[in-house]
1. Filter segment 255-265 down to residues that are over 12 Å from L283 (Cα atoms), crowded, with 18+ Cβ neighbours inside 10 Å and charged (D, E, K, R), then give me how many there are.
2. So is S213 crowded, with 17+ Cβ neighbours inside 10 Å, modelled with pLDDT of 95 or more and among the polar types (S, T, N, Q) or not?
3. Give the residues of segment 24-37 that are more than 11 Å from the ligand (Cβ to nearest atom) and over 12 Å from T82 (Cα atoms), sorted by residue number.
4. Using the structure shown, decide if N189 is at pLDDT below 95, outside any helix (DSSP H, G or I) and out of contact with any Gly (no Cβ under 8 Å at 6 or more places or on another chain).
5. Considering each residue of segment 81-104, count those that are in contact with an Asp or Glu (Cβ under 6 Å, 6 or more places away or on another chain), over 14 Å from D28 (Cβ atoms) and not charged (D, E, K, R), and give that number.
6. What's the number of the condition L18 fails, among (1) more than 16 Å from M302 (Cβ to Cβ); (2) surrounded by fewer than 18 Cβ atoms within 10 Å (Cβ to Cβ)?
7. Could you please find all residues in segment 214-236 being among the polar types (S, T, N, Q), in a helix (DSSP H, G or I) and away from the ligand (no atom under 16 Å from the Cβ)?
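The values are calculated or read from the model by the stated rules, or taken from the named source; none is laboratory data. Keep in mind that what you see is a predicted model, and the values were worked out from it rather than measured. Quick reminder, even Gly has a Cβ in these numbers, built from the backbone with ideal geometry, and neighbours come from all protein chains shown.
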Amino acid sequence: MNISEEKYMNLYHNIQRLKKAECHVHIDGALDAEDVLSIIHKKNLRLNLPYNEGLIDSSEKIKQLWRGWGYYKFLDQFGLVTGLMQSPEDLKTIAKNHVTYIASQNIIYLETRFAPQYHLKKGLSLNQVMGYVLEGLQEGAEKTGITTNLIISIGRETDIEKSKKVVKAALTYQDRGVVGIDLACEENNNPPEKHYDAFKMTFDSNLKRTLHSGEMCETFEENLKNIETSIDLMRADGISHAINLRNSEYHIQKMIEKGIRLESNPISNKTLKIINDVHDLRLDYLLNKRIPVTVNSDDPSMWSNGSLTDNLYEVTKLYGLDFLKKVLGNQIKYAFGLNDKEKKYLLSETENQGLFKDV
Ligand SMILES: [Zn+2]
């Protein structure tokens, strides 16, 4: 091993050991494959891989499905876990296991998310689905000692009436574990304004609003247009991805003026070939401009080397420890579900860790 390899390996382990916060991760993309396999076995399920590729009978086959981007259909990849989250017990178990998985990476504050509209196959109501997931998260939090809050995602392909029902249910859980709503999934042909009436329902509430925006549109202009709509019309508190933000001073200024957190997911973007290289996002430039940059894992079990540590390691290799320290601070300062006292406490826990002594 040469000196630089050793240095990078130490850096990786040091980042892994750091106490961290995560604000953009999806429950159905953040589970341990062995765990999911044991649930399949316990329930005596015989589930097959798509395209007649045989029984899902090992964690390797689960990973093959999860990481088969461009080969398997998106809905099949996520459908394995959403299919297992249809009953009260299963919703609770998977939410609890998700927290255990996250806590194993030394994440002490978690804002996680899921879309309840995909969990109604056995007749549960939206309120029930949210309630059981919140119970599971709470059990996980008690077991691991970490703090969790929940963001309710809306799969944006749905119609506005269903979208409003999701928000109505989310509002009943404000101040009881749900801290925000989110717009997620296929962005093409589903611009943010389609869900304006649903987002409007939260304008006078305690729920924050975040949107997957400027991630996967065909053109640069459409990506920027969705970012602008998210800010001006949808009153975003957070915007995730925003791939082309670096190219528009106008949009950068808008984000800064409103104090909107940027939920960046570098390994997700790179794996899905939305960017060629992590540096394409120019997170260093955006942070220097005073955009509240956060760095997240999105769907860590769906990427090879895709944990929060891996994401932070990639940006730290590029931009150094000072950048890392500021980003970790932002994940707490711009958290949706923490009050000032809680932020102060968590910042004191995370800011003075050994790795930052010389920064
Ligand atoms: Zn996401």
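1. Taking segment 255-265 as the starting set, the residues that turn out to be over 12 Å from L283 (Cα atoms) are 255-261.
Cutting the leftovers down to crowded, with 18+ Cβ neighbours inside 10 Å gives us 255, 260-261.
Narrowing further to those that are charged (D, E, K, R): 261.
Residues flagged as over 12 Å from L283 (Cα atoms), crowded, with 18+ Cβ neighbours inside 10 Å and charged (D, E, K, R) within segment 255-265 amount to 1.
2. Details: crowded, with 17+ Cβ neighbours inside 10 Å: yes; modelled with pLDDT of 95 or more: yes; among the polar types (S, T, N, Q): yes.
Taking the combined requirement at face value, the residue satisfies it.
3. Across segment 24-37, the qualifying residues are D32, A33, E34, D35, L37.
4. Values: at pLDDT below 95: yes; outside any helix (DSSP H, G or I): yes; out of contact with any Gly (no Cβ under 8 Å at 6 or more places or on another chain): yes.
It is true that N189 is at pLDDT below 95, outside any helix (DSSP H, G or I) and out of contact with any Gly (no Cβ under 8 Å at 6 or more places or on another chain).
5. 0
6. Condition (2) is where L18 drops out.
7. Applying the first criterion (among the polar types (S, T, N, Q)) to segment 214-236 yields 219, 223, 226, 229-230.
If we keep only those that are in a helix (DSSP H, G or I) as well, we get 223, 226, 229-230.
If the condition is that a residue be among the polar types (S, T, N, Q), in a helix (DSSP H, G or I) and away from the ligand (no atom under 16 Å from the Cβ), then T229 is the only one that fits.
Table: residues versus (1) away from the ligand (no atom under 16 Å from the Cβ); (2) crowded, with 18+ Cβ neighbours inside 10 Å; (3) of a type in the set (K, R).
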site	(1), (2), (3)
L126	yes, yes, no
V129	yes, yes, no
G140	yes, yes, no
S153	no, yes, no
T158	yes, yes, no
K162	yes, no, yes
A169	yes, yes, no
